[in-house]
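Here the structure comes first, spelled out in structure tokens, and everything after it is commentary.
The values are calculated or read from the model by the stated rules, or taken from the named source; none is laboratory data. Quick caveat, the model's predicted, so the values are computed rather than measured. For neighbour counting, all protein chains shown are included, and Cβ atoms are generated from backbone atoms with ideal geometry for every residue, glycine included.
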Amino acid sequence: MANRKDMPVYLFTGFLEAGKTRFIQETLEDRRFCNGEKTLLLLCEEGEEEYEPDEFASKTVTIRVLEDPSDLTPDHLAALAGETNAERIVIEYNGMWMLDSLYSALPEGWMVYQEFFFADSRTILQYNSNIRQLVYDKLKSCELVVFNRFDPGMDKMEYHKLVRAASPRADIAFEYPDGKVEYDDIVDPLPFDLDAPVVEIGDEHYALWYRDLSEEPKKYEGKTVRFKCRALVRQKLPAETFVAGRHVMTCCVEDIQFAGLVCQWKDAKSIRDDSWMILTAELHFKFNRAYGKRGPVLTYLSSEPCEPPENPVATFY
């Protein structure tokens, strides 16, 4: 059995009939992947397509079924690995189960080496409309998204935006019915000009800008930005500071959070709490007294009162 400190996990997510089973079957038929390693294949759902163990490249694959999220416990997973002497784990995950249930149940030393999301191109947009929280849950941490059964008449941009709203870095592949695979090469230019004297952040682009700033704050060093925001004045903040930001919805109502930045201004106390303004400020990456660590901090230049935007809660789509 592999050392508890080194148990690789290969995770395949997606909804019923998304192509997970076929891909895993083909992977386990490939001797480059399946070459005698003791593999525990955990099935969290059983679709119409069944596995054919006789076709696996090695007889060292053991299949176990997890029928309910309550089966996801560190003790139970460790016991399954122990009784099969597994050296690695392959998981076909149920699309209707939240990924946090799995990640919180991984025994000590189990590490997800790769995470793939499979989607039927004919139905995934409808899934996204009806159960967006579950779709977002599977997209947010995956490394590769495979849109199979993709038709040349479909608009790649729709699928591209679906992924990018949850993950700015996941690779995207389009698999056609004839087996041809094309990788997404759509470039995502920022919808605002970072080289402009004043970087204008449109109301509809606040969430994207805030995420980009959070991921690469140093490229905004010294930039002057203008955006519509709520101004919050809180007693716990250091003197001469307020918070400027907006509520952001990542995937659904349940995950709405306030995304703001500390702004320094000597007349901050004159601001009416929870008022809307168009703020012009200079950004610097420095020690943030409000949070006790380095990060992006705004320096107030000017503002003007305004009405809330048409959609007060900012989104990525």
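Observations on the structure shown:
- Strands (runs of 3 or more DSSP E) within region 1-85 that include 2 or more residues within 30 Å of the chain's Cα centre (by Cα), closer than 30 Å to ILE131 by Cβ and among the hydroxyl-bearing types (Ser, Thr, Tyr): 7-14
- Scan of region 77-100 for residues that are surrounded by fewer than 17 Cβ atoms within 10 Å (Cβ to Cβ) and in contact with a helix residue (DSSP H, G or I) (Cβ under 9 Å, 6 or more places away or on another chain), ordered by number: MET96, MET98, ASP100
- Pair list, Cβ under 6 Å, 6 or more apart: region 130-157 residue more than 26 Å from ILE256 (Cβ to Cβ), other residue part of a helix (DSSP H, G or I): PHE147/TYR159
- Cβ separations smaller than 6 Å between residues 6+ apart or across chains give the following pairs from region 62-81 residues that are hydroxyl-bearing (Ser, Thr, Tyr) to residues that are not in a loop (DSSP other than H, G, I, E, B): THR62/LEU40.
- Residue check, TYR183 buried (at least 16 other Cβ atoms within 10 Å of the Cβ) and either modelled with pLDDT under 90 or closer than 30 Å to TYR159 by Cα (or both): no
- Residue match in region 33-40 (condition: of a type in the set (A, V, I, L, M, F, W, C) and at pLDDT 95 or above): yes
- Residue in region 140-152 that is at positive phi and either surrounded by 13 or more Cβ atoms within 10 Å (Cβ to Cβ) or at pLDDT 95 or above (or both) present: yes
- Some residue of region 192-200 being under 19 Å from the mean Cα position of the chain (by Cα) and either touching a residue at least 40 places away in the same chain (Cβ under 8 Å) or assigned by TED's automatic domain parsing to the domain that holds GLY260 (or both): no
- Residue among THR224, THR241, THR250 that alone is of a type outside the set (A, V, I, L, M, F, W, C) and touching a Cys at 6+ places or on another chain (Cβ under 7 Å): THR241
- Tallying residues that are crowded, with 16+ Cβ neighbours inside 10 Å and not polar (S, T, N, Q) within region 18-32 yields 6.
- Pairs where the first residue, in region 161-178, is part of a loop (DSSP other than H, G, I, E, B) and modelled with pLDDT of 90 or more and the second is surrounded by fewer than 14 Cβ atoms within 10 Å (Cβ to Cβ) and not charged (D, E, K, R), C-beta under 8 Å, 6+ apart: TYR176/PRO152
- All conditions but one from (1) assigned to a helix (DSSP H, G or I); (2) in contact (Cβ under 8 Å) with a residue 12 or more places away in the chain apply to PHE118; the one that does not is (1).
- Qualifying residue in region 87-105 (condition: assigned to a strand (DSSP E or B), hydroxyl-bearing (Ser, Thr, Tyr) and modelled with pLDDT of 95 or more): no
- Residue within region 57-76 that is in contact with an Asp or Glu (Cβ under 6 Å, 6 or more places away or on another chain), surrounded by fewer than 19 Cβ atoms within 10 Å (Cβ to Cβ) and in the same structural domain as GLY109 (by TED's automatic domain parsing) present: yes
- Only one of the listed residues (ALA239, ALA268) is free of Cβ contacts under 8 Å to residues at least 40 places away in the same chain, surrounded by 12 or more Cβ atoms within 10 Å (Cβ to Cβ) and hydrophobic (A, V, I, L, M, F, W, C). That residue is ALA268.
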